[in-house]
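In what follows, a single structure is set out as structure tokens and then discussed.
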Amino acid sequence: GAGVSQSPSNKVTEKGKDVELRCDPISGHTALYWYRQSLGQGLEFLIYFQGNSAPDKSGLPSDRFSAERTGGSVSTLTIQRTQQEDSAVYLCASTNSGDYGYTFGSGTRLTVV
Amino acid sequence: GNSVTQMEGPVTLSEEAFLTINCTYTATGYPSLFWYVQYPGEGLQLLLKATKADDKGSNKGFEATYRKETTSFHLEKGSVQVSDSAVYFCALNQAGTALIFGKGTTLSVSS
């Protein structure tokens, strides 16, 4: 597609429920990234997929967080047993070369009540 | 590990004032450096970039020069406009790793 598409744009969930966030990267982009943006915390790296390589999961804050990327394209970020501190905007980005910068989606605003 | 430090905000300026937002980095090797901007209610957009020492990135009147000797990439604009009000993020990238961002600086420009 023309840009990075994320869905849903907003999600309100009850504490303890699982949520899935979806990212459709730009067609042909080999690298895909998930970040979390919280007030006062800036942009926190979560996970990075590059081609067929094993993902870099070093930024995932706990084992409640996981992500997969199917067929080298669409990615799903799953948060199990959500907590209030998981409330944030989750951003997805893709690129073909880090030197050219990333293209970001508009994000999913997650609110855990 | 790699890191980016940028000046705390908010920065409040009058229209046509000169802007500087400081950014310094810590990295092994030679990272690429970026400034991203997030306008109110919008997503992150790449503003400018520099991929090697002494390169100057520029866009929309903004400039930043990659200074290896001072490990800095300060953002400047000679005359800001109300429409420049946004959050600005400095970031670095090295091959094989994800972009690392600073915490962001909020700029507010009044007429």
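Take peptide B:98-106, look around each residue's Cβ out to 10 angstrom, count Cβ atoms belonging to other protein chains, and average those counts. List each step's numbers first, then the result.
On the way: counts 15, 10, 2, 6, 2, 4, 5, 0, 0.
Rounded to a whole number, the mean comes out at 5.
Would any residue of the stretch A:72-113 have its amide N under 18 Å from a label point 7 Å out along Cα→Cβ of B:K52? List them or say none.
Label zone hits: A:98-101.
If the reach is capped at under 16 angstrom between alpha carbons, list the aspartates and glutamates near B:K56, excluding any in the same chain fewer than eight residues apart.
Qualifying aspartates and glutamates at Cα under 16 Å: A:D99, B:E69, B:E76.
So with the 1.4 Å probe, I'd like the accessible area per residue for the protein assembly as shown, rounded to whole Å². Intermediate values should be presented prior to the final figure.
Working: 10710 Å² over 224 residues.
Result: 48 Å² of accessible area for each residue.
Rank A:A54, A:Y100, A:S5 by how far each Cα sits towards the positive end of the charge dipole of chain A (+1 on Lys, Arg Cβ; -1 on Asp, Glu Cβ) and give me just the farthest.
Of A:A54, A:Y100, A:S5, it is A:S5.
Can you pull the mean other chain C-beta count within 10 Å for peptide B:38-51? Before the final figure, lay out the partial values.
On the way: counts 3, 0, 0, 1, 2, 11, 12, 3, 5, 1, 1, 3, 0, 3.
For peptide B:38-51, the averaged partner shielding equals 3.
Magnitude of the Cβ-charge dipole of chain A, K/R +1 and D/E -1, about the Cα centre, nearest 20 debye?
Details: 10 positive and 11 negative charges, 44 e Å.
It works out to roughly 220 debye.
Roughly to the nearest percent, how much of the accessible area of chain A is carbon and sulfur, given a 1.4 Å probe? Each step should come with its number before you reach the end.
Working: 2350 of 5510 Å².
That share works out to 43 percent.
For A:Q83 paired with B:S14, estimate the spin-label separation in nm (one decimal), with each label point 7 Å from Cα along the Cα-to-Cβ line.
4.8
Any chance you could check the Cα centroid distance between the stretch A:13-59 and the stretch B:1-79 for me, in angstrom?
First find each Cα centre; the distance between them is then 24 Å.
For the pair A:E14 and A:E44, how long in nm is the line joining their label points, each one 7 Å along Cα→Cβ?
Going by the 7 Å Cα→Cβ label model, 2.5 nm.
Using the Cα centre of chain B as the reference point, and only Cβ charges (+1 on K/R, -1 on D/E), how large is the resulting charge dipole? Debye, rounded to the nearest 20. Please list the in-between numbers first.
On the way: 8 positive and 10 negative charges, 68 e Å.
Value, rounded to 20: 320 debye.
What's the FRET efficiency of A:S97 with B:V82 using the Cβ-Cβ distance as r and R₀ = 30 Å, to the nearest 0.05?
With a Förster radius of 30 Å, E is 0.30.
Could you give the dipole magnitude of the protein assembly as shown about its Cα centre, charging the beta-carbon of Lys and Arg +1 and that of Asp and Glu -1, in debye to the nearest 20?
320
What nm value, rounded to one decimal, do you get for the distance between A:V113 and B:T106 when each label is placed 7 Å out toward the C-beta?
2.5
Could you work out what % of the accessible surface of the stretch B:12-111 is carbon and sulfur, using a 1.4 angstrom probe and leaving DNA, RNA and ligands out of the count? Please report the intermediate quantities before stating the final value.
On the way: 2140 of 4510 Å².
Carbon plus sulfur share of accessible area: 47 percent.
Probe radius 1.4 Å, ligands and nucleic acids left out: can you give me the accessible area buried at the B-A interface, summed over both chains, in Å² to the nearest hundred?
On the way: alone 5870 and 6190 Å², together 10710 Å².
It comes to approximately 1400 Å² buried between B and A.
Output the peptides B:72-82, A:54-64 sorted from most to least packed, where packing is the average of other Cβ atoms within 10 Å over each peptide's residues. Please report the intermediate quantities before stating the final value.
Details: B:72-82: 17.5, A:54-64: 13.3.
Listed from highest to lowest mean packing, they are B:72-82, A:54-64.
Work out from phi, with θ = phi - 60° and the Karplus expression 6.51 cos²θ - 1.76 cosθ + 1.60, the ³J(HN,Hα) of each residue of the stretch B:62-79, listed in order in whole Hz, and give x for Gly and Pro.
For the stretch B:62-79, the Karplus curve yields 8, 9, 8, 10, 6, 10, 6, 5, 10, 6, 10, 8, 6, 8, 9, 8, x, 8 Hz.
The values are calculated or read from the model by the stated rules, or taken from the named source; none is laboratory data. For clarity, every value in this text was computed on a predicted model and none was experimentally measured. All Cβ positions, glycine included, derive from the backbone under ideal geometry; neighbour counts span all protein chains shown. The protein model used for the area step is the full one, side chains on, heavy atoms only, and it has no ligands, DNA or RNA in it. Shrake-Rupley method; radii C 1.70, N 1.55, O 1.52, S 1.80 Å.
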